[in-house]
Amino acid sequence: MPTLDELQHSIQLAPAGLTLTELLRQHPQLARRSVQRMINQLIAAERIRALGNGRARRYYPVNNATSYTDMGELRVMDKADFPESIPISADSRDILTYIDRPYVARKPVGYQRDFLDAYQPNRTQYLPESLRRQLRQIGQTSHVEAPAGTFSRAMLNRLLIDLSWASSYLEGNTYTRLDTCELIEHGKTAHGKASIETQMILNHKAAIELLVDNIDSAGFNRYTLQNLHSALSENLLPNPVDEGRLRQHVVAIGQSVYRPLEAPSQIGAELDMLLEKADQIANPFEQSFFMMVHLPYLQPFADVNKRTSRLIANLPLFRANLCPLTFIGIPERAYSYAMLGVYEMTRVELLRDLYLWAYERSAQEYMTIRQNMADPDPGRLAWRIFIKQSIREVVTHPERDALDVIRAAVAANVPAEEQENVQALVVEELRRLHEGVIARYGLRPAEFAKWQAGIKTNAQRLRF
């Protein structure tokens, strides 16, 4: 059963507040009276606070040592020193000196339109040429001449775990890497974790797959961005209408003096300009870093802005078959300071230093893994979309013989000289199917369970 700590954690992840009904929805195993009793205990201990009356009463985190942005993404700002293991420039130290001041000593500031207006694609460079060359050397893979997305597809299983875990960690998620691996690969929920944490991990997995599977069509446009946000925010926002929709209301950044734009029409116009400029940037690292800076600064969504920026920042790296940026090892405190430097000072130096440090760690990890991996099967790569469609067709029609479905699909879509090999690929993929990979095929757990039950009762000819 959920504990007081887990209930408090749910409220901490929603600084816009949660109603009693919303808390009950997140913890359905608790009775209403039990939640009310636990809430009263948390209020008495000054671990949460309450505002409003009746059904409108909402419960909020107590922001004493924790800072939140766009409804709860920035974490732990406790005045501890910036990690010494991350080398930073003198300019970055200036940013730290200012951000380290008490909240009341920092000057309130609103959205600065000149920050985006002044950026001229391929003329303005947040990352100097020498740094871009260094990043290219660090992240170069052997797939440079291969079709876009080849490397990310080859590394997908590891990428799903690392990026889902590390990005969620930056939101205060307490899943370990092993917990994340068990959830993604085997569908096993970690014991004692809040449902909101499990949902966050699964949303990252779905969003990463969305990018990788649609690498040929994904771009810096509203369609890609809003659908990516929808995948990341599913079942996590107080108002589900906000999933994938541009912000329609004011948001505040707790413990920060920065105030984002308020008018929806202005938010939409700035976002269009942001995406237009991003799309024109030629260098994949500059493009990646630009999105990490400007998307959170604009705050175009009610929540989950930085999570969205971290994933969309990987799109140009996926396209160029470069090592991904997984954010493994980034301390929450370091990321918080770097983002506050952007918010309150429109300065990127600290985030840039952190980006370089994080990318070096990520690339070293993936190059080591890649040395121990075989090259991706060219057949599976060439027919990946057809294979996924065929698997989905088999599973969603459990009443039909699997081999008959596969044969019909192959005969209708594959040249005669390749039919035998492609059919073998589909059959092998189907044999390896388990609950940890079904999202890859657009399948839901209920559909997979129904198909598994059908295997036991019907005469399937694949010898499962």
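Nothing in this text is a laboratory measurement; each read-out follows from the coordinates by a stated rule. These numbers were taken from a predicted model, which means no experiment stands behind them. Cβ sites come from the backbone with ideal geometry, for glycine too, and all protein chains shown count toward neighbours.
Just order 446-454, 348-356 by mean Cβ neighbour count inside 10 Å, highest at the front, would you? Intermediate values should be presented prior to the final figure.
Values: 446-454: 15.0, 348-356: 23.3.
Highest to lowest by the protection proxy: 348-356, 446-454.
Which whole DSSP H helices in the chain pass both tests: a Cα extent of 20 Å or more along the axis and a mean Kyte-Doolittle value no lower than -1.0?
195-213, 264-280, 284-298, 349-371
Could you sort the peptides 101-109, 169-177 by per-residue average Cβ neighbour count (10 Å cutoff), highest mean leading? Show your work: numbers first, answer last.
Values: 101-109: 10.7, 169-177: 18.9.
Most protected by this proxy first, the peptides run 169-177, 101-109.
Size of the dipole of region 162-238 about the Cα centre, Lys and Arg at +1 and Asp and Glu at -1 on the beta carbon, nothing else charged, in debye to 20?
Roughly 160 debye, rounded to the nearest 20.
By the gyration tensor of its Cα atoms, with a ≥ b ≥ c the square roots of the eigenvalues, what is the shape of the chain: rounded for a/c under 1.5, prolate for a/b over b/c, or oblate?
Details: a/c = 2.03, a/b = 1.29, b/c = 1.58.
Note, shape of the chain comes out oblate.
Highest first, please rank the peptides 205-216, 28-39 by the mean number of other Cβ atoms sitting within 10 Å of their residues. Walk me through the numbers before you get to the answer.
Numbers: 205-216: 19.8, 28-39: 13.5.
For the peptides 205-216, 28-39, the packing ranking is 205-216, 28-39.
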